[in-house]
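The values are calculated or read from the model by the stated rules, or taken from the named source; none is laboratory data. Since the structure is predicted, the reported quantities are computational estimates derived from the model, not experimental observations. Every residue, glycine among them, receives a Cβ derived from its backbone with ideal geometry; neighbour counts consider all protein chains shown. When the accessible area is computed, the model is the full protein with side chains, heavy atoms only, and any ligands, DNA or RNA have been set aside. Shrake-Rupley method; radii C 1.70, N 1.55, O 1.52, S 1.80 Å.
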Amino acid sequence: MSHYYSEEPSTPLKTKTIEVCLRGQCFKFITASGVFSFGKLDRGTELLIESMVLNDNWRVLDLGCGYGAIGIVASRFVDHVVMTDVNRRAVAIAKKNLKINGVRNAEVRWGNLYEPVRGEKFDAIITNPPVHAGKDILREIVINAPRHLNDGGLLQLVVRTKQGANYIKALLEESFTEVRELAKGSGYRVYAGIA
């Protein structure tokens with residue numbers, strides 16, 4: 001079975017363009033079959049985008065970017081964004097979405113988790129993690145984040161309250177000096193681990 005976290009989705013390509021307004025600005029996104037949240041912006045991602053902590057001089061990593069909503073919105077508020085995904089279709093669509101939204105301070109790279117940013121550091125890593133990929137992937141995202149964060153940097157992520165929130169919070173508490181809940185609503189929680 002093909003999943004959105006597969007390298008090559010096997011589902012036939014279908015696209016649908018959506019328009020959304022987030023953080024006081026409006027965006028247009030191409031969404032695609034075989035890429036997370038086809039045809040809509042899911043509630044968890046929306047909650048994460050609306051509550052994510054950003055600073056104008058920051059370098060941000062959008063880990064597992066999908067069609068690029070998190071990184072593209074962040075690009076309006078920070079210095080530079082690197083977006084990565086293991087799904088080649090997601091990478092191609094995210095690159096198109098950069099152009100559609102006139103983004104010049106972001107780039108999209110293909111690769112698994114932190115491989116495309118080996119040796120690089122960021123002020124924030126922001127992700128809607130692929131919960132259905134399993135606990136090993138979630139663990140890898142959280143425990144490896146600190147080595148890619150500057151001092152005081154933040155890992156910001158969203159998780160369904162009933163699908164792993166306690167597990168993620170425990171991992172964050174294990175790996176970070178401080179953990180904060182940034183937002184909750186619609187059955188989701190947004191956490192930040194502070195390096």
>> I need the full set of residues from the range 12-46 which are in contact with a helix residue (DSSP H, G or I) (Cβ under 8 Å, 6 or more places away or on another chain) and among the small types (Gly, Ala, Ser), in order please.
In response: 32, 34, 37
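Out of 158, 142, which single residue is under 20 Å from residue 72 (Cα atoms), in contact (Cβ under 8 Å) with a residue 40 or more places away in the chain and either open to solvent by less than 60 Å² (accessible area, probe 1.4 Å) or not β-branched (Val, Ile, Thr) (or both)? Write out each step before concluding.
On the way: 142 fails: under 20 Å from residue 72 (Cα atoms).
Answer to the check: 158.
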>> For the list (1) surrounded by 15 or more Cβ atoms within 10 Å (Cβ to Cβ); (2) over 21 Å from residue 138 (Cβ atoms), I need the number of the one condition that residue 51 fails.
In response: (2)
> Scanning for something under 23 Å from residue 72 (Cα atoms) and not in a loop (DSSP other than H, G, I, E, B), does the range 166-177 turn up at least one residue?
Replying inline: no
> So which residues in the range 18-74 are of a type outside the set (A, V, I, L, M, F, W, C), more than 23 Å from residue 104 (Cβ to Cβ) and part of a loop (DSSP other than H, G, I, E, B)?
Replying inline: 33, 34, 37, 39, 40, 42
> crowded, with 21+ Cβ neighbours inside 10 Å and either over 20 Å from residue 100 (Cα atoms) or among the charged types (D, E, K, R) (or both): does that describe residue 66?
Replying inline: no
